[in-house]
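Worksheet for the structure shown next.
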């Protein structure tokens, strides 16, 4: 089934894109939630009329994302976690922990935008990507240090 997206969706596409998805996904999720509408000839015609506004909005959002990326690139997040003698953590550092560390520095990021290649389970420095906008990715450094034992 062909649909027209009403808003940007990370994995599927951007607002105004005409894409092909399974019937069930479109009818049971995307259309009822208001994320998309069916690509009928009438809807495609109305999309063509709105396309210029959509393009301007996309350019503006991408420009803002670029500024935000420049602000965020190179940011260092320091986290302390309980660790064993060999530097292995008792748990792992999650994207929620990283988002909290960024928020304490005044940078608000949705935790789902933080991309961890693999879970952080040891002490050290790690490079982490943050997807700000489709095609705009910031790189931050996460420094995990062991918690000092209470004596």
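The values are calculated or read from the model by the stated rules, or taken from the named source; none is laboratory data. What you see is a predicted model; the values in this text were computed from it and never measured. Please note: Cβ atoms are built from the backbone with ideal geometry, for glycine as well, and neighbour counts cover all protein chains shown.
Odds and ends about this structure:
- Taking the criterion of being exposed (fewer than 12 other Cβ atoms within 10 Å of the Cβ) and assigned to a loop (DSSP other than H, G, I, E, B), the residues of the stretch 61-90 that qualify are 74, 82, 84, 85, 86.
- The lone criterion from (1) buried (at least 16 other Cβ atoms within 10 Å of the Cβ); (2) outside any strand (DSSP E or B); (3) in contact with a strand residue (DSSP E or B) (Cβ under 8 Å, 6 or more places away or on another chain); (4) not assigned by TED's automatic domain parsing to the domain that holds residue 138 left unmet by residue 19 is number (2).
- Some residue of the stretch 98-107 being at pLDDT below 90 and farther than 30 Å from residue 11 by Cβ: no
- Matching residues, the stretch 1-16, being in contact (Cβ under 8 Å) with a residue 12 or more places away in the chain, in contact with a strand residue (DSSP E or B) (Cβ under 6 Å, 6 or more places away or on another chain) and in a strand (DSSP E or B): 2, 3, 4, 5
- Matching residues in the stretch 100-137 - criterion: being touching a helix residue (DSSP H, G or I) at 6+ places or on another chain (Cβ under 8 Å), surrounded by 14 or more Cβ atoms within 10 Å (Cβ to Cβ) and part of a loop (DSSP other than H, G, I, E, B): 107, 109, 116
- Residue satisfying all of: in the stretch 24-58; touching a residue at least 24 places away in the same chain (Cβ under 8 Å) and part of a loop (DSSP other than H, G, I, E, B); nearest to the chain's Cα centre (by Cα) among these: 35
- All conditions but one from (1) touching a residue at least 24 places away in the same chain (Cβ under 8 Å); (2) closer than 29 Å to residue 116 by Cα apply to residue 21; the one that does not is (1).
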